[in-house]
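Computed from the coordinates by the stated procedures, all read-outs in this text should not be read as laboratory data. Please read these numbers as outputs of a predicted model, since none were measured by experiment. Cβ: placed from backbone, ideal geometry, glycine included. Neighbour counts: every protein chain shown.
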Amino acid sequence: MTEPETSPRTGEALRISTGVPGLDNVLCGGLTPSRLYLLEGTPGTGKTTMAVQFLRQGVERGERVLYVTLSETTDELRAAAATHGWTLDGIDVYELIDEMGLNPDSEQSILHPSEIELGETVKEVIARVEDLKPDRVVFDSLSELRLLAQNPLRYRRQILALKRFFAKRACTVLMLDDKTSETGDVQLHSIAHGVVSLDQAPREYGPERRRLRIVKMRGIKFRGGYHDFVLETGGIRVFPRLIAAEHRSTFDPTGKSTGSAELDLLLGGGLVPGTNMLLLGPSGIGKTTTAIRCMLAALERGEAATYYLFDEGLATLLTRSANLGMDLSPHMRSGLLTITPIDPAELSPGEFASMAREAVEERGSTFVVVDSLNAYLHAMPGEEFLILQMHELLSYLNQQGVTTLLVLGQHGVVGEVRTDVDLSYLSDSILLFRFFEAKGQVRGALSVVKSRVNAHERTIRELKFSSRGLQVGEALDDFEGVLSGLPAYRGRVAMLAGEASARDGER
């Protein structure tokens, strides 16, 4: 086996781009040229689209490219490319088989067992290759070749002969296989220099989940495991699995204000960059409003922020915030604030992680809010994967010096409440919200039950929202059972006054 070509200056293996956004990152630089690769996947996974992107990248680089097709006509390929807004300009398409080529009575195979004695059809392909001298070749697909070979021994010899033929001509070859034969063609895997497997899994609701995995890749390092990808107008986009250890930066860990002096005291000095806080409580208690108040303080300091909105409509969020004296519109117009409504049914975990990286690395966001994790949970295939995914994402955001707020709603209003998933061990701080009753009114309380970075208060304070925004009251030291949701109020500590009383007091 010949060694990969190396750069005369560095001695490192040369790489060529696949032309698929994100895939070169998975491959840690791209493909080694002049090798034969297998692209496998069941029908509909996107093999042809990826193959055309591979060839289009070659055309952009001024290379000669060839598409050899046994399964689709030139017109079909041209029509498929047009759906993505592409043309086949610069791509030489050769239809290997006509309607007579698959006639079993002809007893014609693509390659004979001898590497010298070739069928007429392949002689035409060889003549085309030798005339064009392509740098990139796509062979679509191996299923027809397997049928024409008639037995495994001849099929293996045919693949080996094609591999040697193309290798001598310095061609980078992508062979497509639709896996319509036995599951997992180990023979084919052993011959190919690298194997890329595409997979799609239907779900009970929403679009199918598409994933990609590098099965093998000789001589180069790559990112293992599954990577989400989408097939959309414009081609395939791959979202490399996030590995937090690869992303480290330096930042100032000095605590910053939430915009409320009382909340800062409760937290032991405000929010610390490079940490995340979980806002945990029942629906309607004010978790989102508290998150917006903290984010608004960051925006007023000139920080860029990104808000991922899973649960409610954007118009509702903006209107409610403005009514509480927290107008977000000026910050959206200035570009400091990006609010991204998300449909969890349409989103893959890998795509969401990619969006978060884009917000931090391209838009410079230092404040991120995820509202809420309940909807994000339902976008995941299982709780175990949510925990792993969130661990990597939060580790990445922490290492980038980002302040992250995670909103997690609990089931129930008073009494016993429960959560879909326990993320407490991943959180640097936990701000706990509870309802309680006092003087015939339903009121809110909050407390910090965990902080890894600050010596926080162990008290429970009242929480109130009005047109003045967020208000945090005195410590409720004469309450018992607030955290259980069934408190006993002894009446010694005055509750937060209404707006009228507050204005009278201000006078």
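In this simple spin-label approximation, A345 and K439 carry label points 7 Å from Cα along the Cα→Cβ vector, and these lie 4.6 nm apart.
Can you tell me the FRET efficiency between E204 and E474 if r is taken as the Cβ-Cβ distance and R0 is 51 Å, rounded to the nearest 0.05? Step by step, r from the Cβ atoms, then E = 0.55.
Checking the cross-link filter: which lysines have an alpha carbon closer than 20 Å to that of K256, excluding same-chain neighbours under 8 positions apart? Hits, sequence-local ones excluded: K287, K450. Inverting the pair-averaged 1/r between distinct Cα atoms of the range 278-334 gives 12.1 Å as its Kirkwood hydrodynamic radius. Here the mean projected area of the convex hull built on the C-alpha positions of the range 307-447 is 10.0 nm².
With a cut-off of 18 Å on the backbone N, the residues of the range 44-81 near the modelled label site 7 Å out from L14 along Cα-Cβ are 55, 57-66. Each Cα pair of the range 135-259 feeds into the Kirkwood radius, which the Stokes-Einstein equation turns, at 25 °C and 0.890 mPa s, into a diffusion coefficient of 135 µm²/s.
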